[in-house]
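Inspection log for the structure reproduced underneath, given as structure tokens.
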Amino acid sequence: MTRELTGSEAAALAEALVPGSVDRTTETACYLKPDRLVETLRALRDDPDANLVHLTNLCGVDYWDHFEVVYHIQSFEKNHLACFKVEAWGRENPEVPSVTPVFHGAWMQECEAYDLFGIRFAGHPNLYRILLWEGYPGWPLRKDFLAMPGGLQPGLGEFAGVAPRQEPPVKVIE
Amino acid sequence: MTPFLVSDKWYDIRDLGNLSREILEAADRILPFGVVYVLAALIGFVASFLLFVLPSQLIVGVYGERRIIGRMQSRLGPNRVGPFGLLQPIADAIKLIQKEALTPTRADRAVMYIAPIIFVMPAVLLWAVIPFGENMVIADIPVSLMYFLAVSSLPVIATFMAGWSANNKYSLFGAMRIVSMAISYESPLVLALLGAVVMTGTISLSGMVAWADEFNIWMVFVQPLALVIYFICVSAELNRTPVDIAEAESEIVAGYLTEYSGMKWGLFYGMDIGYALAASGFAATVFLGGWTFFGLEQWVPGWLIFIAKTHLFYFLFIWTRGTLPRLRADQLMAFAWKFLLPLGVFNLLIVSTERMLWSEQDYAKGLIYVFALVNIILSVALVYAWARFNGYRPERTPTRPRLVKQAGGYIPVGERS
Amino acid sequence: MLYEYGHIGILVIIALIFPLGAVVTSWALQFARIRPKFRPDVVRDDIYECGLRTEGPSLVQFNFRYYYIALLFVLLDVEIIFLFPWAMVFDTVGWVGYGKGLLFIATFVVGGIYAWRKRALEWRL
Amino acid sequence: MTGIIKSEPFVINIGPQHPSTHGVFRIKATVDGEKVIDAEMVMGYLHRSMEKLAEERTYTQNIPFTDRTDYLSSMSNNLGYCLAVEKLAGIEVPPRGNAIRVIMAELQRLASHCMAIGAFANDTGAWQTPVMWAFREREKILDIFEVTSGARLTCNYMRIGGVAFDLRPEFEPMVRRILRDFPPFLDEMEGLLSGNEIFIARTRGVGVLTPEMATNASLSGPMLRGSGIAWDIRKADPYCGYEQYDFDIPIGYNGDSYDRFIVRLEEMRQSLKIIQQALDGLPGGPFRTEVPLALRPPKGEAYARIESPRGELGYYLVSDEGPSPYRFHIRPPSFINLSALKEMTVGGTVADAIVVLGSIDIVVGEIDR
């Protein structure tokens, strides 16, 4: 049975390896400081006691005033699952460091979080809109998506700001 | 050796040669030579077309290619048009002929139209030299084996034209693949047939059938390895499934056929069966004794035996198509050069030595059976040994995964849990 | 004897008529009122690439690495063709001719081994 | 040899309308001759914004959405979502409900792996035969689903607190027939593919993933097990009473496409074992605990995962005591399994890229959601 680490247990693991990395803890999760995030996760991955090697899940959550990025990290040998969180404040340009250098599997999940929430991941090698197209107005999973300027308005029929379809660059030989 | 039951009467349909001979002799009395000559070729063509190619297309095209494969894949196959779906190819032809033949605007139009025509021509020409029965051959030329080899390499050019002219990347892949495959598989093919030529001492297909009749043995028993090599090489040249890398529908959508549609596509598709049939007929003639069957040809028309053998061989094509996955391009080339070609050389050495020994013994009839036995054993041993030499190690590929009881981390190979 | 080749010549004509007939009929059918006449369409008449527009030219300098194999093929096939006359005259040449034939085969076996050792037969990608 | 002949790399689109991409998925490959020198994934052609839609609907109304993500294993998707809601709201499932869920999930695994193996064999070029055989067996399983839930593909059978309906009397003989008919089919598949030299040549050593790479790329399911990592949520984090059943985790040797294939084949045998045990010991009693239709779980968050046929399927739910989830996140296994696609394809041929894609066993509905 996988042991789901409580916030304080996860915090203890993180504090032991990288002192000063934990922001606060809740019952289920441990909030890390964004500037120490990559360092902490790398240490937790490489440490045999923590052994948090498998970034199982990464997702963003919109809490109106701030965004949270949730990392569920799994250990195979110890069989425990730790939940870490990072907060990003500000709706205009929320930014958290990318953990792609530590976990390759974060690559696509961070792209997805960027695509749907607009959270920028600093240090990501190729951050692009993976599901929607480049130039899509707004960030769909934000709570205020429908009210955003340029968002989907009823009766508009088509997204504003999308370049009109162009004729293919093919010449017809008559 | 004249079958005693077959009479010389023109109405004896067991030997269609009688009929055409009667017609031609009658025509010769009243018409100038040139007309008779054209008439002879036409009769040969029409007779072979009506008797053999058309029914084979229908039967093989539906029953072989679709119903048998459908059976292998546990589905029905075409069964609506005509009795048992026999008329399906005709329905397909009508459908295809009225479809629009799209030609992309960026393609090379002329080449794209010429390619299917060039592709079809050799398929018809191949039938010129294959003897359907005694005296039932359109052009009984003495170098018919060479003729067959030469003509059967022509469609490669047509497929390359088709692939190149379409201006499509997938077609380009197909074109490039088919050229490299054709040049790789031509050498083992010719080498394998050389074994048969050494044994019989003739490059006429009628001569080969006569040889099989005389010694009462089929070439397949004397040259089993040659048949295997021939089969694989011909599958490659014909783009049949285990080696159909030029079409490879799962990789490069349809290869050189990607841009073809309508009747132009239909010609490629229909003639694929035509080529496979011609190759089967050739194999039946060279390796399976043609229209002879150990004396049965005195009771049954020879052309019926020939058709039966051809379809038996064609069944092999269907079988491999329904069973085997496809090789990759580089593996395919390596297989031709490293496996088939050396085996062909080995086969040639063996058969030429045997032939010399045989000629010392004044072509004693019994000796050929000894050779057959020796060759069958040698072929199996050779194939196995050469495969081992090339790195065939089935015992090193476990086909069952390891089983563990407990979840945990990485378990290195060799560690029991 | 030779006029058998003429049969093949007539077959060539038949073989030409058969596909030409099929292609021309299907082309001509668009003028009969059996099916609607198709009009040129830019997107439909474009070349197929999985439903997207092709990027860049299609006909490029294609890297398929069969330069060596093509060379080998030319050499080998010519050699094998020379073996056919040898195979036909076994009765008359005797053991000496047989030995000479083997010598001929040996040259290309040696060549083949050389090519193999030089890794010309490998399709390294 | 290289460098003597000049060649031009060019870009070729594999997908979205390609026979082997199993849906509208696109690999934009830069090739030099046959060699793939760069591969870029393009997805989103089927994006329906499930996560946003789910925020507007109640917890029960969201169950049909989960059907439509991974449409080849809808039972597993239902199950994962229901487990997450139950974890969030603290609902207990009666033992009969759990046993039915296990049987359904394992039947779904059989059906899904049938599809995966058949399509994979098709990608290697076996012309339709394995896929048709696999479909033949899959149909029988879908018949069971139809009898039980009324639908074949998108079953919508699991409910929060149990399952939607009790089993019908036809159910047990049908499953017994599957248990009897399936092992011969698996032997047939092994005879057709596992020992086939051409199949081995095509898949052995193609798309090799080292265990470090597989772990680091967050892969799961047969992709992870093929690399030799013994990791199965059913063993490691049992749900629905999987701890009562006796089964093994199949793991591969060196993490190539062939290993993933044989792991899937063996998983089907293990699933049969589980179904047998669950069916023999099927408890009586209620099949569902009653939950209010407009469920309002307490404030909090829950991450529940199951071992879906494609890997670890996780649902991350955040509740704000409202009738609908505040945040509904799916951890789609085949989306994250694609993380390593570029590493596996670059350096191989175009044909290898297709085999690798087939061995990942993607479902585009799940990638794009």
- line: Fewest-first ordering of D:D166, B:D272 by Cβ atoms within 10 Å yields D:D166, B:D272
Distance in nm between pseudo-label sites at B:W319 and C:I14 (7 Å out along the Cβ direction from Cα): 3.2
- line: Partner shielding of B:146-153, taken as the mean number of other chain Cβ atoms within 10 Å, equals 1
query: Regarding segment A:1-112, what is the average projected area of its C-alpha convex hull, in nm²?
result: 6.7
- prompt: For chain D, what Kirkwood radius comes out of the mean inverse Cα-Cα distance, in Å?
  reply: 21.1
query: For B:G408, which sequence-distant residues (separation of 5 or more, or a different chain) have an amide H within less than 5 Å of its own amide H, given hydrogens modelled in the peptide plane?
result: D:A230, D:W231, D:D232
query: Using Cα atoms only, what is the angle between the long axis of helix C:3-28 and the major principal axis of chain C, expressed in degrees (0 to 90) to the nearest 10?
result: 30
task: Per DSSP H run of at least 4 residues, take -39500 (n - 2.57); add these up for the protein assembly as shown, divide by its residues and hand me the 222 nm value, nearest 500 deg cm²/dmol.
output: -15500 deg cm²/dmol
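Based on the Cα gyration tensor of chain C, what are the three equivalent ellipsoid semi-axes, each the root of five times an eigenvalue, rounded to whole Å and given largest first?
Values: eigenvalues 483, 198, 11 Å².
For chain C, the semi-axes come out at 49, 31, 7 Å.
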message: Taking 30 Å as R0, compute the FRET efficiency from the Cβ-Cβ separation of D:V11 and D:S49 and round it to 0.05.
response: 0.55
field: segment B:167-220 and segment C:46-61: distance between their alpha carbon centers, rounded to Å
entry: 36
query: Using the Kyte-Doolittle scale, which helices in chain D average at least 0.0 and also have C-alpha atoms spread 15 Å or more along the helix axis, with helices defined as whole DSSP H runs?
result: D:74-89, D:95-124, D:350-360
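List, in the order given, every pair from D:K235/D:K273; D:K87/D:K140; B:K169/D:K342; A:K85/D:K87 whose Cα-Cα distance in the structure shown is over 25 Å.
Working: D:K235/D:K273 14 Å; D:K87/D:K140 33 Å; B:K169/D:K342 21 Å; A:K85/D:K87 20 Å.
Distance filter (> 25 Å) returns D:K87/D:K140.
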query: Once whole DSSP H runs in chain B are found, which of them have Cα atoms spread over 18 Å or more along the helix axis and a mean Kyte-Doolittle score of at least 0.5?
result: B:33-48, B:109-125, B:169-200, B:224-238, B:262-286, B:302-323, B:341-360, B:367-389
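Which shape class, rounded, prolate or oblate, goes with the protein assembly as shown when its Cα gyration tensor gives a ≥ b ≥ c as root eigenvalues, a/c under 1.5 marks rounded, and past that a/b bigger than b/c marks prolate?
Note, shape of the protein assembly as shown comes out prolate.
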- prompt: In peptide B:172-180, what is the residue-averaged number of other protein chain Cβ atoms found within 10 Å of each Cβ?
  reply: 4
query: Where the centre of each part is set by its Cα atoms, how far does segment B:62-131 sit from segment B:308-367, in angstrom?
result: 29
task: Based on the mean of other Cβ atoms within 10 Å per residue, sort peptides B:216-229, B:187-200, B:72-85 so the most packed one is first.
output: B:187-200, B:216-229, B:72-85
task: May I ask for the Kirkwood hydrodynamic radius of segment B:254-313, worked out over all distinct Cα pairs and given in angstroms to one decimal?
output: 13.1
Equivalent ellipsoid semi-axes - Cα gyration tensor, segment B:99-407, angstrom: 35, 28, 17
Burial order of peptide ranges C:111-121, D:203-213, D:76-86 (average beta-carbon count within 10 Å, highest first): D:76-86, D:203-213, C:111-121
message: Inside 10 Å of the C-beta atoms of B:125-135, what's the mean count of C-beta atoms belonging to other chains?
response: 2
- line: Taking every other residue with Cβ under 13 Å from the Cβ of D:F65 and scoring Lys and Arg +1, Asp and Glu -1, one gets -1
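So how do D:L317, C:L71, D:L167 line up by other beta-carbon neighbours within 10 Å, fewest first?
Final ranking by Cβ density, sparse to dense: C:L71, D:L167, D:L317.
Mind sorting C:T92, B:T202 by how few other Cβ atoms lie within 10 Å of their own Cβ, fewest first?
Listed from fewest to most nearby Cβ atoms, that is C:T92, B:T202.
Every number in this text was worked out from the coordinates using simple rules, so none of it is lab data. None of the values given here were measured: they were computed from a predicted structure. Cβ sites come from the backbone with ideal geometry, for glycine too, and all protein chains shown count toward neighbours.
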